[in-house]
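Below is one structure, written out as structure tokens; the observations come after it.
The values are calculated or read from the model by the stated rules, or taken from the named source; none is laboratory data. As the structure is a computational prediction, the values presented were derived from the model and not from experiment. Methodologically, a virtual Cβ is constructed for each residue, glycine included, from the backbone with ideal geometry; neighbour enumeration extends over all protein chains shown. The area values use the complete protein model at the heavy-atom level, side chains included, leaving out ligands, DNA and RNA. Shrake-Rupley method; radii C 1.70, N 1.55, O 1.52, S 1.80 Å.
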Amino acid sequence: MENPRPLWDNSLQFVFACISYAVGLGNVWRFPYLCQLYGGGGFLIPYFIMLIVEGMPLLYLELAVGQHMRRGSIGAWKIISPYLSGVGIASVVVSFFLSMYYNVINAWAFWYLFHSFQDPLPWASCPLNSNHTGFDEECAKTSSTQYFWYRKTLNISPSIEEYGSIQWEQAVCLILAWLVVYLCILRGTESTGKVVYVTASLPYLVLLIYLIRGLTLHGAVNGLIYMFTPKLGQLANPKTWINAATQIFFSLGLGFGSLIAFASYNEPNNNCERHAIIVSLINSSTSIFASIVTFSIYGFKATFNYENCLSKVILLLTNTFDLEEGALTADNLDSMKDYLMSTYPNQYVELLPQIKNCSLEAELDTAVQGTGLAFIVYSEAIKNMEVSQLYSVLYFIMLLMLGIGSMLGNTAAILTPLTDSKFLSTHFSKEVISGTVCFINCIVGLAFTMEAGNYWFDIFNDYAATLSLLLIVLVETIAVCYIYGLKRFEKDLLLMVGHKPNWYWKIMWAFASPVLIISLFIFYLTDYISTGTLQYKAWDATQGQLVTKDYPSYALAVIGLLVAASTMCIPLGAIIIFIMKRLKRNVSTLE
């Protein structure tokens, strides 16, 4: 007798699981970056339009498919059509790639968390050199936070071609991160359902604490004015709309199979329409909430750097021209510069290379995303706060909760199709299957703890999912509307939620969303082609900054394999099924 499918304890648990998965690091480190780059508050206009056209409809579609078919991604699409089994396999492959590198972020968060208990924080100042005569040469050329990230955390090599060795501290943190994930998924929905209450709610508590603290910081208002001042000219930039659509798409976690997996553990009559709206609105609201926190921190950091720059210029001019203390201030600096230049032209010209051009606007314009924002910009701001250890601990606990919450969804996308398999489930327990997946991912993930590991991390982060997910979701939408049939899908939804979908959902599924996905797919494809030789940012210790280098040929081959490994599953799956059916037909005719 087949075991009954596990269920969530209640619908709230399911919503928390979806929020924990969807609300991730991208809300904290990518959305604020896009706001900064594409018009501040003006970016919210294309963002919410894309949420309505793309986000909500595709989220509802995936939840409905998972709930009705009551299978993971492979089984669900196989029921719709045997020729679509490759779509589910492609989702599992992409989720497997994501799990390989994503948990490395949690390893870094553990590393920073452990160091947050030191007083002073280890990234607060540069270490002394071996002779104790001055600061470390590399650190002196950059900042203490960048030095701690690139040298102490990553111990990064000068290029991707210099692999280096595994950094045992990072390896231990990665093993710990995978152990935590394994304990959270050990008993499927039984254990995951309890964990998501913490991983979904704790980040909001930390963000609220940071909001209260952020708004009281000196200069926070400068960051908030910068964020909420709309630059509507950016609305004419096609990249603004493309990035808004991409952010919605990836932030909700569409195409990975995680949402289908979570929905498959619902009661058949669960109102997935309402939950799709709730999850997508909470996800987008969190992005805006996190941006307010981030921009208050940005404002504090930018103002601190700006005022620090002014102080250095004032001190330099005061000492050089033997001015009376207090004669030079931030208010009269520009007029005094003109006076000194006209009075002492030769002396001023000699000094000119040392006089920095201090600009608050330039500081606020410095756009940073990803690990640069999470581990450099935030740690730079934290070190200048009072009780910096407390805010550092809170921040990195929040990063861990966001990262682990996303990992629960990533692993569910892999494990649900595996545990759905009768062969695997009859021969191996759920704990063994979960443990094997975590172990394989952990072993492969050790490659990202090598000295060149961060370069490979960027390759996986940039290329493992982008094109693949767009193709997967496009095929999913076409499959439901035109292969399974929209009228048939309407009847399924009537049974599940008690009413048929209205015109909005049907227009989005059948026309608007597929057209948008095709447009995004074409853009990314042409963007890759027009870029020419793909490049990456390498850390140059001699200059204390990032430099641009070309990827070697074998790295380009890996990028090609990453894209092909998942996308080729879709046509190959269909071809294999077609050949098997033909062979069966031939055998039956011979008999």
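Observations
- When the residues of the range 274-326 are filtered to those that are among the charged types (D, E, K, R) and at pLDDT below 90, the one that is least open to solvent (accessible area, probe 1.4 Å) is Lys301.
- Selection of helices (runs of 4 or more DSSP H) fully inside the range 99-194 by the criterion of at least 3 residues being closer than 20 Å to Asn461 by Cβ and within 23 Å of the chain's Cα centre (by Cα) returns 168-185.
- Every condition in (1) within 17 Å of Ile79 (Cβ to Cβ); (2) of a type outside the set (A, V, I, L, M, F, W, C); (3) at pLDDT 90 or above holds for Gly560 except the one numbered (1).
- Residue match in the range 421-436 (condition: within 24 Å of Trp77 (Cα to Cα), touching a Lys or Arg at 6+ places or on another chain (Cβ under 8 Å), assigned to a helix (DSSP H, G or I) and of a type outside the set (A, V, I, L, M, F, W, C)): yes
- All conditions in (1) in contact with a strand residue (DSSP E or B) (Cβ under 8 Å, 6 or more places away or on another chain); (2) at pLDDT 95 or above hold for Gln167, with the sole exception of (2).
- The one condition in (1) over 30 Å from Ser85 (Cβ atoms); (2) in contact (Cβ under 8 Å) with a residue 40 or more places away in the chain; (3) assigned to a helix (DSSP H, G or I) that Lys549 fails to fulfil: (3)
- Hey, Phe14 in a helix (DSSP H, G or I) and farther than 27 Å from Val293 by Cβ or not: yes
- Among residues of the range 516-546, those that are of a type in the set (Gly, Ala, Ser), under 24 Å from Ala244 (Cα atoms) and either part of a loop (DSSP other than H, G, I, E, B) or open to solvent by 70 Å² or more (accessible area, probe 1.4 Å) (or both), counted: 1
- Cβ-Cβ contacts under 6 Å between residues 6 or more apart (or on different chains), taken from a first residue in the range 235-259 that is closer than 13 Å to Leu34 by Cα to a second residue that is modelled with pLDDT under 85 and part of a loop (DSSP other than H, G, I, E, B), are listed as Thr240/Tyr38.
- Checked against the criterion of being β-branched (Val, Ile, Thr) and either assigned to a loop (DSSP other than H, G, I, E, B) or modelled with pLDDT of 85 or more (or both), the candidates Thr371, Thr329 yield just one match: Thr329.
- Summed over the range 219-237, residues that are assigned to a helix (DSSP H, G or I) and open to solvent by less than 70 Å² (accessible area, probe 1.4 Å) total 9.
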